[in-house]
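Chemist: Dropping a structure here in structure tokens format, bear with me for questions.
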Amino acid sequence: MKEYAFAVEYPAGVDPLADLFIDHPGAMAKSIACVVSDDSMWRVDRVTGPTEAIDAIEACALDPERCNECPPGDCASHREYEVLTRDATTCTYYSYRTDIDRCPSLPSLAADHLGDGVLYESVRRGGNYTWRVLVRRDVNVGRLFDALQDAYPDGVAVTLSHLRSPTHWGDEAISIADLPYEQREALEAAVEHGYYATPRESSLGEVAERVEIPHSTFQYRLQRAESWLANNFVSECLQP
């Protein structure tokens with residue numbers, strides 16, 4: 001098997017849903033499941049972020065008049081969305097689309113150019129919308145990449161990366177999309193500023209100061225994130 005990553009980078013003002021992720025950099029969306037056939041697509045996505053971001057993204061992403069994974073423009077496919085779970089900072093929703101051949105999105109183009117046996121995963125954050133695709137070794141993704149580039153207007157960058165070997169398929173029991181966004185941001189900041197480096201490059205107080213969060217608040221969020229990671233790793237990955 002081979003794994004590829006197709007990344008679509010939206011500038012501001014091109015796509016309403018992408019604009020919401022650009023306006024709310026603390027929000028992210030990750031597909032929990034995604035299945036594509038010749039004519040249909042069904043998937044489950046989880047969005048995490050600040051309450052105001054979840055409210056805005058939910059209203060846009062669940063609008064049956066728009067296609068969430070299509071290039072800007074009209075899409076004649078049939079679309080259904082349904083919220084599965086919801087709280088202040090997380091929304092998990094189900095999508096179902098038929099007549100996907102009427103829209104030049106990555107799922108429909110992949111069905112045309114790659115055939116059966118393809119696995120999909122997607123992540124949205126900021127203006128970036130990345131699809132990881134796992135395909136058989138004898139499949140040529142070049143035609144799919146060309147078709148995807150042609151489908152997007154000027155100003156929207158589409159890139160293709162070939163990963164050396166398939167990674168993290170089927171073993172992602174701990175998903176970053178399940179971690180509350182404030183704890184995720186604290187964990188990312190700690191890593192970015194060298195708190196976990198050896199030797200340590202920044203103290204907890206220094207990281208908190210750089211991200212402009214009170215020391216006690218940042219410490220609490222980081223401790224909660226570490227506890228979540230440790231408990232989920234043991235329960236999901238180590239216990240039979």
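Chemist: Relative contact order for region 1-78: what percent, with Cα pairs under 8 Å and sequence separation of 6 or more?
Modeler: Worked out over region 1-78, it gives 25 percent.
Chemist: Just to confirm my numbers, what's the Cα centroid distance between region 110-140 and region 1-76 in Å?
Modeler: 15 Å
Chemist: Normalised by the number of residues in the chain, what is the relative contact order in percent for Cα pairs under 8 Å and 6+ residues apart?
Modeler: Dividing the mean separation by the residue count of the chain yields 25 percent.
Chemist: Where the accessible area of the chain is counted over protein heavy atoms with a 1.4 Å probe, how much of it, in %, is carbon and sulfur?
Modeler: 50 percent
Chemist: Moving on. For GLU206 and HIS78, FRET efficiency with R0 = 41 Å and r from the beta-carbon atoms, rounded to 0.05?
Modeler: 0.20
Chemist: Taking 0.36 nm per residue of separation and subtracting the Cα-Cα distance, what length does fully extending THR159 through SER37 add?
Modeler: My answer for the length gained is 41.5 nm.
Chemist: Using a Gaussian network model of the chain with C-alpha springs under 10 Å, which one of VAL133, VAL191, VAL44 is most mobile by mean-square fluctuation?
Modeler: Per the Cα network of the chain with a 10 Å cutoff, VAL191 tops the list.
Chemist: Give the shape of region 1-106 as rounded, prolate or oblate, defined through the alpha-carbon gyration tensor: a ≥ b ≥ c are the square roots of its eigenvalues, a/c under 1.5 means rounded, and otherwise the shape is prolate if a/b is larger than b/c and oblate if not.
Modeler: Since a/c stays below 1.5, the shape of region 1-106 is classed as rounded.
Chemist: Ok, one more. Using Stokes-Einstein with the Kirkwood hydrodynamic radius over Cα pairs, what translational diffusion coefficient do you get for region 55-111 at 25 °C and a viscosity of 0.890 mPa s, in µm²/s rounded to a whole number?
Modeler: This corresponds to a translational diffusion coefficient of 202 µm²/s.
Chemist: Anyone know which of PRO214, PRO11, PRO64 comes out most mobile in the 10 Å Cα GNM of the chain?
Modeler: PRO214
Chemist: Return the FRET efficiency for the residue pair LYS2, TYR220: r is the Cβ-Cβ distance, R0 is 51 Å, and the value is rounded to the nearest 0.05.
Modeler: FRET efficiency, LYS2 to TYR220: 0.75.
Chemist: Put a dot 7 Å past each Cα toward the Cβ at ALA88 and ASP138; how far apart are the dots in nm?
Modeler: Here the modelled spin labels are 5.5 nm apart.
Chemist: Something else about it: Taking only DSSP H segments of four or more residues, each worth -39500 (n - 2.57), what value at 222 nm results for the chain once the sum is divided by all its residues, to the nearest 500 deg cm²/dmol?
Modeler: Value at 222 nm, helices only: -9500 deg cm²/dmol.
Chemist: For the chain, give the share of DSSP beta bridges that are antiparallel, in percent and rounded to the nearest 5; count only bridges with both residues there.
Modeler: 100 percent
The values are calculated or read from the model by the stated rules, or taken from the named source; none is laboratory data. The structure presented is a predicted model; accordingly, all values stated were derived computationally and were not measured. Counting neighbours? That spans all protein chains shown, and the Cβs are built from the backbone with ideal geometry, glycine included. Calculation scope for accessible area: heavy atoms of the full protein, side chains included, ligands and nucleic acids excluded. Shrake-Rupley method; radii C 1.70, N 1.55, O 1.52, S 1.80 Å.
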